[in-house]
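What follows is a set of notes on a single structure, which appears directly below.
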Amino acid sequence: AQSVSQHNHHVILSEAASLELGCNYSYGGTVNLFWYVQYPGQHLQLLLKYFSGDPLVKGIKGFEAEFIKSKFSFNLRKPSVQWSDTAEYFCAVIAGNTGKLIFGQGTTLQVKP
Amino acid sequence: GAVVSQHPSWVICKSGTSVKIECRSLDFQATTMFWYRQFPKQSLMLMATSNEGSKATYEQGVEKDKFLINHASLTLSTLTVTSAHPEDSSFYICSARPHLRQGEQFFGPGTRLTVL
């Protein structure tokens, strides 16, 4: 079965530090890849997505992610985090034509002011 | 655009009662809606896929007779938790996929269900 693994469960950073959150998936075929963010008390919002083309995708709020097919990875990055980035981050994958989003376990990011 | 609402946002009920949760796409049509369950500090788990005008497809381990899903129109899907028990207490989230747009889903704000 397809699965998504996020290696960092809880990350604590100071403001202006760089961020990289790991995401790996298990599926050998075509994938659509997503990163969602859930701010405290709010609903899931799409940060960025990859369907095809340039493997380096840029999203909202200065986030970007790189799809490395050979590594089955889709890591999320941000060069300089802000206190307002404190949230839960979820990597998600749609494998093939299933249309179903499979979520990773989530990473809690805490940014200290 | 692409707003999804859920009602109610929270509900408390007694064990044995049934609870209905509505999911609406406010500004687009959604032939497909999804229902997820999220436990505290955990990820979202897909419960079922709801297609307008047809029966929902349930994920393995999800009781279809307990979690009744109806997708009667292109903008509304409902999840009814029948004979709720305390272990059904959870955060239920729906998402909607715009018609003819593969892949992308838009999420509702979720419904917190507490069964006493």
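One residue stands out among those in the stretch B:34-56 that are of a type in the set (Ser, Thr, Tyr) and more than 9 Å from every other protein chain (Cβ to nearest Cβ): the one that is farthest from residue B:106 (Cα to Cα), which is B:54.
Only one of the numbered conditions (1) within 10 Å of the chain's Cα centre (by Cα); (2) over 17 Å from residue A:99 (Cβ atoms) is not met by residue B:49, and that is (2). Is it the case that residue A:86 is in contact (Cβ under 8 Å) with a residue 12 or more places away in the chain, more than 13 Å from the chain's Cα centre (by Cα) and under 24 Å from residue B:4 (Cα atoms)? Yes. Applying the set (1) surrounded by fewer than 18 Cβ atoms within 10 Å (Cβ to Cβ); (2) closer than 29 Å to residue A:8 by Cβ; (3) charged (D, E, K, R) to residue B:37 leaves exactly one unmet item: (1). State which residue is nearest to residue A:94 (Cα to Cα) when the search covers only the stretch B:62-116 and only residues that are within 11 Å of chain A (Cβ to nearest Cβ) and small (Gly, Ala, Ser). This residue is B:103.
Might you let me know whether the stretch A:64-79 holds any residue that is among the aliphatic types (A, V, I, L, M), over 24 Å from residue B:31 (Cα atoms) and under 11 Å from the mean Cα position of the chain (by Cα)? Taking every residue of the stretch A:64-79 in turn, at least one turns out to be among the aliphatic types (A, V, I, L, M), over 24 Å from residue B:31 (Cα atoms) and under 11 Å from the mean Cα position of the chain (by Cα).
Taken together, the values in this text are just the output of simple stated rules run on the coordinates, not laboratory data. Given the structure is predicted, the values throughout are model-derived calculations rather than measurements. Heads up, the Cβs are rebuilt from the backbone with ideal geometry, glycines too, and the neighbour counts pull from every protein chain shown.
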